[in-house]
Each structure stands twice: as C-alpha cells, then as structure tokens.
1. State whether the residues of segment 64-84 include one that is open to solvent by less than 20 Å² (accessible area, probe 1.4 Å), touching a residue at least 24 places away in the same chain (Cβ under 8 Å) and at positive phi.
2. In the set ILE325, ILE336, which member is aliphatic (A, V, I, L, M), in a strand (DSSP E or B), within 22 Å of ALA263 (Cα to Cα) and touching a strand residue (DSSP E or B) at 6+ places or on another chain (Cβ under 8 Å)?
3. Among the residues of segment 380-404, which ones are of a type outside the set (Phe, Trp, Tyr), open to solvent by 30 Å² or more (accessible area, probe 1.4 Å) and out of contact with any helix residue (DSSP H, G or I) (no Cβ under 7 Å at 6 or more places or on another chain)?
4. Please go through segment 183-241 and pick out each residue that is over 15 Å from PHE131 (Cβ atoms) and among the small types (Gly, Ala, Ser).
5. Please go through segment 94-115 and give me each residue that is polar (S, T, N, Q) and either under 16 Å from GLN54 (Cα atoms) or open to solvent by less than 70 Å² (accessible area, probe 1.4 Å) (or both), ordered by number.
6. Only one of THR219, THR235, THR200, THR309 is among the β-branched types (Val, Ile, Thr) and free of Cβ contacts under 8 Å to residues at least 40 places away in the same chain; which?
7. Has segment 53-66 got at least one residue that is at pLDDT 95 or above, within 28 Å of GLN156 (Cβ to Cβ) and more than 24 Å from the chain's Cα centre (by Cα)?
8. Out of ASP273, ASP285, I need the residue that is without any contact (Cβ under 8 Å) to a residue 24 or more places away in the chain, surrounded by fewer than 17 Cβ atoms within 10 Å (Cβ to Cβ) and acidic (Asp, Glu). Which one?
Amino acid sequence: MKRFFGIVFWVFMAGALWAAESQPQPPVLLGIDVLEEQDYALLQGKQVGLITNQTGRDSRGRSTADLLAKAPGVKLVALFSPEHGIRGIHEAGQSVGDTIDPKLHLPVYSLYGSVQKPTPEMLNAIDVLVFDMQDVGARFYTYLTTMGMAMEAASQRGLAFMVLDRPNPSGGSLVEGQVLDSRIRHFTAYYGIPVRHGLTAGELAQWYNQTQKLGVQLTVISLRNWKRDELWADTGLPFVSPSPNIRNPTEALLYSGVGMFEATNVSVGRGTDFPFELMGAPWMDAETLSKRLNDLQLPGLKFSPVSFTPTSDFYQGQLCSGVRIQVANPNVVRPIDLFVQMCCLIRELWPKEFAPRWEEVARVTGSQDFEHLYEANRPASEILDVFHKSADDFAKARTPYLLY
C-alpha cells in the first residue's frame with residue numbers, strides 16, 4: 001500500500017511540474033507599456049521632452065511620441081534624436097540636423113550633429129526629459145552616450161529625467177571586455193563600463209547618476225517579466241532595427257565584438273545583406289580563416305568561407321574573402337572573445353596586411369592594453385585573461401544598480 005501511494009505521489013508531482021513548465025510565460029512589458037498602464041501618472045501636468053527614434057514603441061508597435069502626444073494631462077513639447085536620426089535612416093557617423101516632425105508638428109532637436117548635448121535653449125519649456133530608445137548592449141553604440149549627456153544637461157538645469165526601460169538584446173548575464181580607461185574619453189567611449197556591459201538603459205542611468213554624483217531626479221519605469229539571462233528571442237517582442245546595419249537580434253548580439261573590427265582594415269559586411277555577420281578583406285583566404293576559426297571551437301559559433309563585394313562603405317566594389325558567422329547557440333556566444341581570437345589569427349596569417357588604427361582600437365577595446373599585448377606577440381589566452389578579469393570585476397561592482 002505504501003508503495004502504491006508513493007507511486008501516486010510521484011505521478012502527481014510529475015504532472016504538477018509538467019503543468020507548471022507548460023504554462024505560457026507572461027509577456028515582457030516595456031517601460032512605455034507600464035507607463036501606459038499607470039495612465040502616465042508620473043508625467044501628469046508636466047511639459048515633456050522625449051529622446052527617441054523609430055525604436056521608441058510600445059509592445060503593440062505604437063510610437064511613444066504619438067502616445068505621449070495624446071496622453072491626457074501630459075504636454076509633449078519637443079523631440080530629441082540620436083545618431084541615425086529620429087527615423088533611424090542615416091548611416092553611421094552621418095551628421096543629422098534639426099527638423100520639424102510632420103505629424104506632431106513639434107521641433108526635433110538633433111543630438112548627433114553640431115550639438116550632442118541638449119542646450120539650455122532647447123530645454124527652456126521642459127520639466128522632464130524622457131528617454132525611450134532601444135540600445136544593443138555595446139559600450140561604443142552611441143544611444144546610451146546620448147542618454148548620459150542628456151542626464152548631465154538635466155542635472156545642470158535641475159530637470160527631472162525618466163527612462164522607459166527596454167531589454168538588453170545581448171542579455172544581462174554575460175559581461176565581456178575591459179572597463180574603459182578613464183584617460184580615454186570620446187562619444188563612442190563615454191562610460192567606465194565593459195564593452196558588453198549587460199545593463200539596461202535604466203540600470204546604466206542609475207549607475208551613472210550615482211557613481212558620477214549627477215544628482216538627477218531620476219525615475220526608471222522598469223520592465224516587467226524580463227529576466228537577466230533572456231536574449232531578444234526570449235522576450236516575444238518584435239525587433240525594430242535600431243540602425244540601418246543592425247537588422248536582427250543576431251547582428252545586435254555580434255556587434256559588440258565584430259563591431260570592434262571597424263577600427264581596422266577588415267570589412268564587417270556593411271554594404272551587404274549581412275552586416276556584422278560577415279567579416280573579410282581582399283587579402284584574406286576564406287578557406288584558411290574559416291578552418292582555423294572552427295578549430296578553436298568558440299562557444300556557440302560556427303564559420304563558413306565566403307566571398308562578398310560590399311556595395312558601399314569599406315572595400316566598396318572590391319571582392320572580399322572571409323567568413324560568414326553562424327550563431328548556433330546565442331546564449332553562450334562571446335563576441336569579444338571572437339575579436340581577440342580572430343585578431344591573433346590574422347596576426348599569424350596576414351601580419352603585413354592587417355592595419356589596426358590603434359587610437360580607435362583603444363576606444364573600442366577600452367585601453368591601450370590590447371595594442372601592447374598584440375604588438376608584443378602575446379597569445380590570445382593572455383589577452384583574454386586581462387579582458388575577463390576586468391569584466392568579472394565589473395560584474396561584481398554593478399550589483400547594487402541592477403533592477404532585474
């Protein structure tokens with residue numbers, strides 16, 4: 001009899017566990033979704049400036065700008081746009097001017113042109129600055145630099161600042177790369193954080209406000225139902241391209257490592273259908289490179305030989321040989337490790353052809369350490385030890401600022 005009841009108990013438990021696991025996960029709600037749900041209570045009676053672009057949408061695809069413009073008791077008075085412009089159509093590095101939004105008839109102040117930080121004149125009629133844009137999770141991607149500079153302007157003017165949070169498409173668990181050397185300061189090298197920082201915009205805003213003692217009256221409208229180890233595919237949210245050459249979650253994930261090659265004479269596939277999924281140059285041998293990379297057995301990655309001819313950007317119109325990067329398991333991919341390993345392979349195979357621009361390399365890697373170790377012919381394992389230690393130290397230090 002005891003054995004009978006024991007079997008029944010375990011059958012019951014197995015059924016309960018199966019039922020729990022088969023329950024659909026609640027949908028991830030964006031910061032703008034939560035603000036809508038709260039009837040915009042925290043913005044009632046406020047004159048609002050919104051820092052946004054085409055990614056500023058709720059989970060139903062509705063524009064944050066349109067929602068705030070229609071919200072009862074809220075007065076949207078100005079829009080601010082980052083690199084790539086308010087609609088995300090301008091190419092990387094292209095200066096963008098001010099304009100008027102044709103639908104809302106509001107000024108759109110560009111923060112990626114002659115001005116990078118909101119001026120006092122732009123902020124005269126504003127009570128609170130609201131930030132709602134999708135980042136990609138790499139330190140040198142400029143949207144969060146724009147957020148930081150706007151926070152500084154808000155601090156100087158005594159304005160409130162609100163972040164409508166969004167998932168980090170590269171996840172929040174893995175941290176990679178060196179913390180930025182404080183002696184390096186550039187629009188693409190703004191925060192003392194690793195390359196792949198694993199923070200959301202809201203978490204970075206908290207970190208920046210406290211570590212730099214900005215004293216901004218900061219409010220973060222947090223995500224709901226997002227977990228740190230989730231990548232974009234786990235959220236169930238539609239992916240809106242944050243810029244012309246990051247068109248899917250795979251490219252967003254690879255960008256933090258592959259994007260560093262833009263400080264060298266290696267093409268990252270701009271001007272093709274697969275930016276940041278291709279890497280190559282006219283002087284490479286595709287078969288050799290793909291075999292050597294596959295031999296390394298980098299977690300979650302596979303490589304196949306490829307030839308491509310960019311229609312624009314670097315090596316425009318020239319036949320390049322290289323690799324197509326295939327992400328087999330995005331949860332374990334380490335793009336910064338890929339950068340280090342591939343650089344060391346190129347150093348071995350094509351040392352005379354490879355031409356890093358070391359000042360730019362220092363900005364994207366975080367310091368001159370990579371240059372010194374590379375030039376000293378140190379192995380990839382030694383370089384990675386330096387990068388991993390810096391990332392691990394930051395992962396511990398960031399704990400007080402995590403929201404999820």
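The values are calculated or read from the model by the stated rules, or taken from the named source; none is laboratory data. None of these values were measured; they are calculated from a predicted model. Heads up, the Cβs are rebuilt from the backbone with ideal geometry, glycines too, and the neighbour counts pull from every protein chain shown. Side chains included, ligands, DNA and RNA excluded: accessible areas come from the protein's heavy atoms. Shrake-Rupley method; radii C 1.70, N 1.55, O 1.52, S 1.80 Å.
1. yes
2. On the way: ILE336 fails: in a strand (DSSP E or B).
The unique qualifying residue is ILE325.
3. At the first step, the residues of segment 380-404 found to be of a type outside the set (Phe, Trp, Tyr) are 380-386, 388-393, 395-400, 402-403.
Retained after the next criterion (residues that are open to solvent by 30 Å² or more (accessible area, probe 1.4 Å)): 381-382, 385-386, 388-389, 392-393, 395-397, 399-400, 402-403.
Those that are of a type outside the set (Phe, Trp, Tyr), open to solvent by 30 Å² or more (accessible area, probe 1.4 Å) and out of contact with any helix residue (DSSP H, G or I) (no Cβ under 7 Å at 6 or more places or on another chain): SER381, ASP385, HIS388, LYS389, ASP392, ASP393, ALA395, LYS396, ALA397, THR399, PRO400.
4. ALA189, GLY192, GLY198, GLY215, ALA233, GLY236, SER241
5. To start, the set of residues in segment 94-115 that are polar (S, T, N, Q) comprises 94-95, 99, 110, 114.
Those that are polar (S, T, N, Q) and either under 16 Å from GLN54 (Cα atoms) or open to solvent by less than 70 Å² (accessible area, probe 1.4 Å) (or both): THR99, SER110.
6. Numbers: THR219 fails: free of Cβ contacts under 8 Å to residues at least 40 places away in the same chain; THR235 fails: free of Cβ contacts under 8 Å to residues at least 40 places away in the same chain; THR200 fails: free of Cβ contacts under 8 Å to residues at least 40 places away in the same chain.
Residue meeting the stated conditions: THR309.
7. Just the residues of segment 53-66 that are at pLDDT 95 or above, to begin with: 53-66.
So of that shortlist, the ones also within 28 Å of GLN156 (Cβ to Cβ) come out as 53, 55-56, 64-65.
If we keep only those that are more than 24 Å from the chain's Cα centre (by Cα) too, we end up with none.
No, segment 53-66 has no match at all.
8. Result of the check over ASP273, ASP285: ASP273.
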